[in-house]
Amino acid sequence: AAQRNATRIDAAALALAGAWPSGVWHATAYAQDQAFRSFFSAVNAARTLEAPANDQFDVPADAAGASATFAWTQGGVDWVAGADARAVRGETREDFLFNGTTLTRRRIAGGEQSFAGAFIGAGGAWTQDWRLDARLRADRWALTDGRRREWDRATGASVRDDRFADRRDVAWSGQLEAAWRVTPAWT
């Protein structure tokens, strides 16, 4: 009976598209804001006693991102290029460690993630029955502001205060594809 939870999600997105004589484009942007609350309890084996276990009283998260893609044909070659980005931030705020009367510890933990990428690709007929496509993509990611802090709610004494090192990297990926049309009837 003591368990309760609530979730709220606000989201918005915008998508646009267009064309010009040799190609098309598409762009999307979005934003999200979320909040979560949950009170957990533990029930004994006889199911006669329920005790508080964890109170996640505020768990906010938000995210935003955008992408754009362009596709066109030039000189018999089909081109595609684009970019995308996303940022996410989240945190948990919770009380835990029940001592028989109250939840004695508080924890706040969270961090941020960001991602950005760009790609380009080209392809076209190599012969009448063969098609060749190639793509290259670069992605940059970062994990920042990672933290976990816990303290005694009655005394304010710190139990742990962890700060995690920021991490960043760039990853490259490529793709080479050959397609053979077995018969003209399979177009």
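The values are calculated or read from the model by the stated rules, or taken from the named source; none is laboratory data. Here the structure is a predicted model, which is why all the values come from computation and not from measurement. All Cβ positions, even for glycine, are placed from backbone atoms using ideal geometry, and neighbour counts span all protein chains on display. When the accessible area is computed, the model is the full protein with side chains, heavy atoms only, and any ligands, DNA or RNA have been set aside. Shrake-Rupley method; radii C 1.70, N 1.55, O 1.52, S 1.80 Å.
The table below lists the values:
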{"item": "Subset of the range 136-155 (residues that are open to solvent by less than 80 Å² (accessible area, probe 1.4 Å), closer than 15 Å to E94 by Cα and of a type outside the set (A, V, I, L, M, F, W, C))", "result": "R147, R148, E150, D152"}
{"item": "Residue check, A138 within 30 Å of Q74 (Cα to Cα) and among the small types (G, A, S)", "result": "yes"}
{"item": "Unique residue being farther than 29 Å from W141 by Cα and in a strand (DSSP E or B) when the list is F57, F70", "result": "F57"}
{"item": "Positions within the range 156-172 being open to solvent by 60 Å² or more (accessible area, probe 1.4 Å) and assigned to a strand (DSSP E or B), in sequence order", "result": "S158, V159, R160, D161, R163, R167, R168, D169, V170, W172"}
{"item": "Failed criterion for A185 (all others in (1) open to solvent by 80 Å² or more (accessible area, probe 1.4 Å); (2) at pLDDT below 95; (3) closer than 29 Å to A81 by Cα hold)", "result": "(3)"}
{"item": "Boolean, T101 is out of contact with any helix residue (DSSP H, G or I) (no Cβ under 9 Å at 6 or more places or on another chain) and surrounded by 14 or more Cβ atoms within 10 Å (Cβ to Cβ)", "result": "no"}
{"item": "Matching residues, the range 96-123, being in a strand (DSSP E or B) and over 26 Å from the mean Cα position of the chain (by Cα)", "result": "F96, L97, F98, L103, T104, R105, R106, A122, G123"}
{"item": "Single residue of the range 1-37 satisfying the filter (open to solvent by less than 80 Å² (accessible area, probe 1.4 Å) and of a type in the set (V, I, T)) that is nearest to A61 (Cα to Cα)", "result": "T28"}
{"item": "Some residue of the range 106-118 being buried (at least 17 other Cβ atoms within 10 Å of the Cβ), closer than 19 Å to A15 by Cβ and touching a residue at least 24 places away in the same chain (Cβ under 8 Å)", "result": "yes"}
